[in-house]
Every structure is written in C-alpha cells, then in structure tokens.
1. Among the residues that make up the range 237-259, is at least one of them among the polar types (S, T, N, Q), assigned to a helix (DSSP H, G or I) and free of Cβ contacts under 8 Å to residues at least 60 places away in the same chain?
2. Quick check: is even one residue across the range 88-104 of a type in the set (A, V, I, L, M) and touching a residue at least 60 places away in the same chain (Cβ under 8 Å)?
3. From L178, L207, L229, which residue is crowded, with 21+ Cβ neighbours inside 10 Å, in contact (Cβ under 8 Å) with a residue 40 or more places away in the chain and of a type outside the set (D, E)?
4. Would you please name the residue that is nearest to P120 (Cα to Cα), looking only at residues in the range 66-92 that are of a type outside the set (V, I, T), at pLDDT 95 or above and part of a helix (DSSP H, G or I)?
5. Restricting attention to the range 22-58, report how many residues are crowded, with 20+ Cβ neighbours inside 10 Å, over 13 Å from the mean Cα position of the chain (by Cα) and in contact (Cβ under 8 Å) with a residue 60 or more places away in the chain.
6. I'd like to check something: does the range 23-30 contain any residue that is part of a helix (DSSP H, G or I) and either among the aliphatic types (A, V, I, L, M) or in the same structural domain as M114 (by TED's automatic domain parsing) (or both)?
7. Going by the structure shown, is L125 assigned by TED's automatic domain parsing to the domain that holds H248 and either out of contact with any Cys (no Cβ under 7 Å at 6 or more places or on another chain) or part of a loop (DSSP other than H, G, I, E, B) (or both)?
8. Could you check G148 against (1) in contact (Cβ under 8 Å) with a residue 40 or more places away in the chain; (2) surrounded by fewer than 15 Cβ atoms within 10 Å (Cβ to Cβ); (3) in a strand (DSSP E or B); (4) small (G, A, S) and say which number it fails?
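The values are calculated or read from the model by the stated rules, or taken from the named source; none is laboratory data. Given the structure is predicted, the values throughout are model-derived calculations rather than measurements. Methodologically, a virtual Cβ is constructed for each residue, glycine included, from the backbone with ideal geometry; neighbour enumeration extends over all protein chains shown.
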Amino acid sequence: MFEIIFLGTSASAPSPKRNLPAYLVQHDEYRFLVDCGEGTQRQILQSGIGFKRLNRILITHGHLDHILGLGGLLSTFMRWESIDNLEIYGGASALERISDLIHGVVLRGAKAPMPVSLIPVKPGLIFDAPDFTVSAFPVSHRGPDCYGYLFEEKGRQPFLPDKAEALGVPPGPLYGKLVKGESITLADGSVVTPDMVTGEFRPGTRLAAIGDLGETDSLVDLLNGVDGLVIESTYLEEEREMARQFAHLTARQAAEFARQIGAGKLMLTHLSRRYRDKDVLAEARQTFENVSVARDFDTFTIRKEA
C-alpha cells in the first residue's frame, strides 16, 4: 500500500488555490518527496505531515517550477536540523542545476549540518527496501534527463496456517521458519517445505509517479497494470497542438493512456490556471472513469485490489 499526499498541483506558476509541483509518496516508515516546487516547505507545514524522515527527494526534471523549493527546504533543515541526511535523486542535468542552487545560493561556501547527497539516476533500480523498490524510467519532455519513478511492492506467497495445521505443524517457531522460506522436519520425521503451506503468489501494489511528459507510447509495456498513476494534465483537447508543442499532455491523452495500460486509479496534476477542475475531470472521464483531479492536500491510498 502506498499513500500519496499532494502538496502542489499547479503547472508552471502558482495560483490562489494551487502551489507548484510536489507530492509525497509514503510506504510504512519510508517517505519520498517527488519534486519540490517553490513554497513546498510551507505546504508541508500546512499539511501537517511534518519534516521527520523527509530525507529522500526524487526530481523528475530540472525545470524551475519543480526544483526551486529545494533552496527553502534545505534552509529550513539547516535551522531545525530535523533530519540526519538528505538524498536528492535526479537526472544529471537536473542535479547540475540543483547543485548551483544549493551551493551557489543557499550554502555559499558554508557546510550543511547534515550530509547532502546528489544522486544521479539512470533507468533501473534506484532504491531497494525490504518490502518495496523504486525504479527510474526515462520520459520525453523538453530537455534531457527527464524521469518518472515506479514504486513496486515486492510480491509474496501468503502463509496459510490451516494448511500447516493439517500437516501437523505446531504453532510457534516452526511457523516462523516456514514463513522465512525454510523447510522443517517434524517429530515424526516428515519434512514440510514452504510451498506446502503457502498460497498462490500475490504481486504487490505498483504506483507510477510521473512529472511532465509529452508522449506515453514508450511507457505502455513498463507501466501496464499499475494500480496507481500520477500524471500531468496541463491542457485540454481544445489546445492539443499547444500541448504537443510544449511536450505536455491533455486530460484526454492522460486518460487514454490510463485506459490503455489498465491502470487502477488515475490522479491528474500539473494543472493550468486557464481551466476549471470540473472541465478537466469531465474530459478525462469520457475515457477513463476512475480518475481524480488532484488538489493541494488531497490524499490517496493505492493498494492492490483483491
């Protein structure tokens, strides 16, 4: 299960109701901030999620509306010292710009009170936790090194106590060995293997977290069947040519992609001030029903449907 908290949902410039792009993805004690538009630290305070364990930031690309908040956020960390280290992941060109911001503007020769790591990403695995992974994948937008991020829970075979009991396995430590994948020998000499007391393999929840992009064809196979899809919706169909020109999507294009890959839930963000939420939602719902137009501080829970 992944929880998403939107902190900023506007495109390019803030509006009275929408801050610049940023959202939090959380899995148990792990927290990832995806992008960090200007004013993100205030949104964090207003949302009530706090700064604790907010030490991993995934940058989709280096455009200013997605990174300018890093300066203020780091400045706050320096004053409050609320984290032990800060890891910023992104493409090489984005990190070069972020380095200029951090070292040239915020630190100016000073040393941060915690280690700050700028970690270049390439397509593939970038983070491996006991229960889930995060992988980066390239997307097509204006400029090089633009990425989306795929969060994937590790699948499992559920332990079935009824089967274990029927085979004569007493509850207790032997259960634990079977859960760990170890075979056991019972008092009568019979051997019980893990596959004898587990159910069918259950794949974990998958969440695609994407920033700006102008095409989706290259992502169909990779994101097929994701349970949650966060994706931009900067334009409506009436301005489809402008969307193509600036490498963005319309609400219909985002919805068509969600339908094509069989996504479970579609969450639209990066919204232009020129449109009303209800018009964006109406256009998307013509193609894909389970869609929401995200607003600042909206929270969504993504889990694998039974």
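1. At the first step, the residues of the range 237-259 found to be among the polar types (S, T, N, Q) are 245, 250, 253.
Within this subset, residues satisfying the condition of being assigned to a helix (DSSP H, G or I) are 245, 253.
Filter once more, so that each one left must be free of Cβ contacts under 8 Å to residues at least 60 places away in the same chain: 245, 253.
Yes: the range 237-259 contains one or more residues that are among the polar types (S, T, N, Q), assigned to a helix (DSSP H, G or I) and free of Cβ contacts under 8 Å to residues at least 60 places away in the same chain.
2. No - not one qualifying residue is present in the range 88-104.
3. Only one candidate passes the filter, namely L207.
4. A92
5. Total satisfying the criteria: 1.
6. no
7. Working: assigned by TED's automatic domain parsing to the domain that holds H248: yes; either out of contact with any Cys (no Cβ under 7 Å at 6 or more places or on another chain) or part of a loop (DSSP other than H, G, I, E, B) (or both): yes.
Yes: the conditions hold for L125.
8. (2)
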